[in-house]
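*Asks:* Once you've had a glance at the structure underneath, I'll fire off some questions.
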């Protein structure tokens, strides 16, 4: 996950890659999307992740629009209800790798 969502990145580093992450990761995703949208970084994040998984840009943009005004008691079922793709481990697995490759690119260009 890009450095713009450090808490989610740390949570995904601890995830074993089986099934989908826990409620905490879903809540961090929602918070990270809100923050990225407010800071104007959402488009950049979505474009970068779209290289790892072609459907990421549309998924992140649609989800960010949906979470903007939501405050559910549990984010995991709420995000899965917004878009069933969040219930797929295949969507989550590229996220830690995207962070690693982004870090490698930043280090190489420095």
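*Asks:* So which pairs qualify, if the first residue must be in the stretch 47-68 and farther than 13 Å from residue 85 by Cα, the second must be modelled with pLDDT under 85 and crowded, with 16+ Cβ neighbours inside 10 Å, the Cβ gap must be under 7 Å, and the two must be at least 6 apart or on different chains?
*Replies:* 48/2; 48/98; 48/102; 49/98; 52/94; 52/98
*Asks:* Suppose we filter the stretch 12-45 for residues that are surrounded by 21 or more Cβ atoms within 10 Å (Cβ to Cβ) and more than 18 Å from residue 80 (Cα to Cα); how many remain?
*Replies:* Summing the residues that are surrounded by 21 or more Cβ atoms within 10 Å (Cβ to Cβ) and more than 18 Å from residue 80 (Cα to Cα) in the stretch 12-45 gives 2.
The values are calculated or read from the model by the stated rules, or taken from the named source; none is laboratory data. Given the structure is predicted, the values throughout are model-derived calculations rather than measurements. With ideal geometry, Cβ positions are generated from the backbone for all residues, glycine too; neighbour counts draw on all protein chains shown.
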